[in-house]
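What follows draws every value from the coordinates through simple rules; no lab data is involved. This structure is a prediction, so every number in the text was calculated from the model and none was measured. Cβ placement follows ideal geometry from the backbone for every residue including glycine, while neighbour counts extend to all protein chains displayed.
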Amino acid sequence: MSVSIVLPAYRVQGYLRECLDSILGQQVAGLEVIAVDDASPDHCGDILDEYAARDGRLKVLHLARNVGLGRARNAGLAQATGDYVWFVDSDDALAPGALPLVDEVLRDRRPEVLLVDFERSYPIGRSRRSGLRRRLAAAPGPNGADVLARPGLLRTIHTAWNKIVSRELLARLDLSFAPGWYEDVSWTYPLLLGARRILALEEVCYTYRQRRQGAITHTRDARHMDVFDHWDRAWDRIDAYGDRVDPVRPVVFEQMIRHCMQTVGNEQRLPGHLRRASFLRAADLFDRHLPAGGFTPPPGKDGLRYRLVAARAWHAYAALRTCYRVERRAERAAAAARTGWRRVFPPRRPQVGLLDRAYYRFQTMLPVRDDLAAYAAYWYRGVSCNPAAIHARAKAVAPHVHGVWVVRPQSVAGLPPGTPHVVEGSAAYYRLLARAKYLVNNVNFPDFVRKRKGQVHLQTHHGTPVKTMGLDEQHHPAGERHNFGSLLRRSDRWDFSVSANPFSTQVWERAYPCPYEVLETGYPRNDRLARAGAQERAAARAALGLGQQGTVALYLPTFRPEPMALPRFDPAAVTAALGPDSLLLVRGHYLAQDTFAPGDRVRDLSSYPVVEDLYLAADLLISDYSSGVFDFAVLDRPIVLYVPDWAEYRGLRGAVLDIVAHAPGPVARSFPELVELLGGGGWRDDPARRAAFRETFCAWEDGHAAERVVRRVFLGESVQAPRPSRIFTSS
C-alpha cells in the first residue's frame, strides 16, 4: 500500500519545517508528499523547494494565485498516485511513528477510510489528547464496518486531516473539496456515509496545533457564514445516497445544528452585525434538513438551543447567550477567589508603586504626542543596538519626531553627550511611556505599560536567534522561566517586528505568535558595518588606541545557562598562535560575569559600550553561539567557531539553528584544536562557506535598514526586503 500526503501551504512559514520534518523523517515504502504552495506571500514556497531539492519523495506545486485550502487540496490530489491519500495541514505535524503504524494497518486491514486519534498542541503548556477513545467506546459496533453499523463515528471531529482515505473511494464518490471556509464539512460527511469499511485507530498519529494567529477559528470574518453553504452541499450529496442512509440522518442533523451554533455563538468568529443573520441561516438549515421522522433535542443547554433555533427565536437566543457569558464570568471569578488572585494574576515585575502606577494611568488620559518617540535597549542599559541606529536615522528622515531614551540610573554617566533621556522610575519616565506615540525597544517594555490607542510599538529584537526564544523556551530545561502568558501579552503590543533575514522571520512567527507586521529590512545596527571600508577600520582602531598593523582578533562568547560555564580559553595561547604582531580583544556577554585577565597583547573590553567599533577593528572573530557572528559576517572577514560544549548547550538551552552545521568558517571543538587552527593560518581562507552564510543571513544588510524602518514606522511608507536571500537550509 502506498500513501500520498497532500500538504497545502499558505502563511505557515513558522511551522512548515516542523511539519515537513515530522513527515519526511519517517521511513515507509511508497510514500509521496505533494506540497501545494497556494501562492503564499511569505517564505513557504522557498522552504518547500529547499526540502524538495534534497528529498525526492517531495513534489512541490506552485499555484499562480491563491485559491484557498479546498482547491489547493484538489490540486494536490490530482497529482497523487498513492493507494491512499492523507490531507495534512502544514501548520500541524505527524506524531513520531505514525506513518509506519498507519502503513501497517492499511496493508493488513485495507479499509476505505482510516480514522486516527490526535492530540491538540497549545502555545503554552502540554498537549492534550482528543476524546476519540471515549467517543469510540460510546460508539459500539464492529471496527471496520460502515456508519450504519457504527453511527457514533459520525460524532467524531469533521476535519479531513484525521482521515486516511482510499483514492479509489474518492474517485467512486467523485468527492473533492468545495471552495470557501469550512470545506471539510461538505467532504467529510458524504465521505463517511459513502464508505463501506471505516477503521478507527486509537493511537495518536497527528498533532493539531492550536494557533493564536492565522487560524480561521480565531479570525473574525464574514467568511464564517460559509459554514451554512457547506452544510447545504453536504446534504445534497447525502440525499443522493437515497433511503440507505435514513437511519443515521438524525445523527448528521444533530451534528449540523451543533456545529452551526458553535459558529453563531462564537464572538471570536462572526462580526456582531452578522450574528442575527447567522442565527436565521441556522434556522433555515433546521427547516430544510429536519429528518422525516422528526428530531428529539438532547437534554440540557444544547436541547434548549435546538428548540430556540427551531422556533427562530433570535431575541430569546441572544438573551440566553448573555446569561451564559455572565455565568462564565462568575465561574472565573469564583475560581480566582478559591485559588487566590495572586496565582491567577501573578505579580508583575518589576514592581511599580501605587503612586507611580496612578501617575502613569493619569498620563494615559492625556493626548498621545505624535512628535515623541521613546527609545530603549537591553533593559535600559544605554544607547545601543537597533534602536540607536533607528534613532540616528530618524533625526534625518523624520526630524519632526523627537526621540528620548529610557535609561537606568547607573547608565546615565555613560550616555553620549547631549542624549535626551529620562531615568527609569522617574515621573518623566512614566510620562514618556504614557504619551509617546512611538515605543521602540529591542526587548519588551515592562508589564505595566499598556498599549494606548494611537501608540505604535516597534520591536527591533537584538540578534539572529541561535538559541530558543519566546515560546520555544518552555520545552528546554535551561530556557528562561517566563510567565509565558505575560510574555504573550507583552508581545501582543507589538505593531512591528524587525527581521534580519528570512530565517529570523520564521522563528519569530513561531516564538512570538502575535498580530504584528514583520519588517524584513535587515538590522539597522548593521548599516554601519555594511557601509564600512578601510577608512572605517582605521578609525575604529584609532578610537580603541590600537595600531594599524598586525592581526587583531576578537573573542566574543555568549553566556552559558547554569550549570554550564565558559569553556577553557587561554588568551595568551591564542595570541602566541596568531603570531608576535597579534592582539586579542575580549568581550564577555553583558549578562555574564566572566572576566579575562589583561596582558601585553590582551585587552578585556567587556564594558566597552559600542560593540560595532570592536567588529570594525578586528580581522578575525572567534565566537560560538553568539548572534554577533551574524553581525560580524556583514564585514566578510574570517570567523572561527569555538564550540567544545555545543552538545551540552543545545541540550540544555535548546537551539533553533545548528550553527555548527551552518558555520561561516572553520570549527574548533577543543582548545588545542583552536590553537592549532590559529597557528596554522587555516582561519584565513574559507570564502565559500563565508559567502554561503552571508547569502543566507546577511543578504538584506545593504546599509539602508534603518531608513527602511523609519520610513515604514514613522512615515507610513511601504518597504520591501532589499533583495532575495539564499533560503536557509535546515539540514
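Spacing of the modelled spin labels on Arg361 and Leu274, each 7 Å from Cα toward Cβ, amounts to 3.8 nm.
Globularity index of the chain is 1.11 (Cα radius of gyration / 2.2 N^0.38 Å, N = number of residues).
For the chain, a simple Cβ point-charge model (Lys and Arg +1, Asp and Glu -1, everything else neutral) yields a dipole of about 3160 debye relative to the Cα centre. Among Lys301, Lys163, Lys453, Lys59, the order by Cβ neighbours within 10 angstrom, fewest to most, reads Lys453, Lys301, Lys59, Lys163.
Taken along its three principal axes, the alpha carbon spread of segment 431-496 comes to 39, 23, 16 Å, from the longest extent down to the shortest.
Taking a point 7 angstrom from the Cα of Ser2 along the C-beta vector, which residues in segment 26-64 have backbone N less than 13 Å away? From segment 26-64, the list is 29-34, 57-59. Taken over the alpha carbons of segment 464-522 as equal point scatterers, the Debye sum produces base-10 log I(q)/I(0) values at 0.17 Å⁻¹ of -0.55.
Cross-link check: pairs Lys395/Lys437; Lys301/Lys451; Lys437/Lys467 evaluated at a Cα-Cα cut-off of 27 Å; pairs beyond the cut-off: Lys301/Lys451; Lys437/Lys467. Were the residues from Gln213 through Ala688 laid out at 0.36 nm apart, the gain over their Cα-Cα distance would be 167.1 nm. Computed across segment 393-487, the Kirkwood radius stands at 15.8 Å (inverse of mean 1/r, all Cα pairs).
Here Glu695 and Arg133 are evaluated by their C-beta separation; at R0 = 45 Å the FRET efficiency comes out at 0.35. Remark on segment 404-447: hydrodynamic radius 11.2 angstrom, per the Kirkwood mean of 1/r across alpha carbon pairs. Inverting the pair-averaged 1/r between distinct Cα atoms of segment 106-214 gives 14.8 Å as its Kirkwood hydrodynamic radius.
The residue list Asn143, Ile23, Gly45 was ranked by how far each Cα lies along the charge dipole of the chain toward its positive end, using unit charges on Cβ atoms, and Asn143 comes out on top. Here is the tail figure for segment 527-705: Cα pairs spaced more than 21 Å apart come to 47 percent of all pairs.
Residues of segment 1-27 with an amide N closer than 17 Å to a point placed 7 Å from the Cα of Arg107 along the Cα-to-Cβ direction: 1-4, 26-27.
Note: relative contact order over the chain, using C-alpha pairs below 8 Å and six or more positions apart, is 10 percent. Dividing the Cα radius of gyration of segment 3-219 by its Kirkwood radius returns 0.94 for Rg/Rh. Computed from the C-beta positions of Asp243 and Asn266, the FRET efficiency with R₀ = 25 Å rounds to 0.10.
Note on segment 354-525: the C-alpha convex hull projects to 10.5 nm² when averaged across all orientations. Note on Arg481/Ser718: beta-carbon distance plugged into 1/(1 + (r/R0)^6) with R0 of 60 Å gives a FRET efficiency of 0.90.
If the segment from His589 to Ala427 were pulled out straight at 0.36 nm per residue, it would be longer than the present Cα-Cα gap by 55.2 nm.
When each full DSSP H helix of the chain is screened for a Cα extent of at least 24 Å along its own axis and an average Kyte-Doolittle hydropathy of at least 0.0, none passes. Counting every other Cβ atom within 10 Å of each residue's Cβ, Trp86, Trp494 order from fewest to most as Trp494, Trp86.
Rg over Rh for segment 220-345 works out to 1.08, using Cα positions for both radii and the Kirkwood form for Rh.
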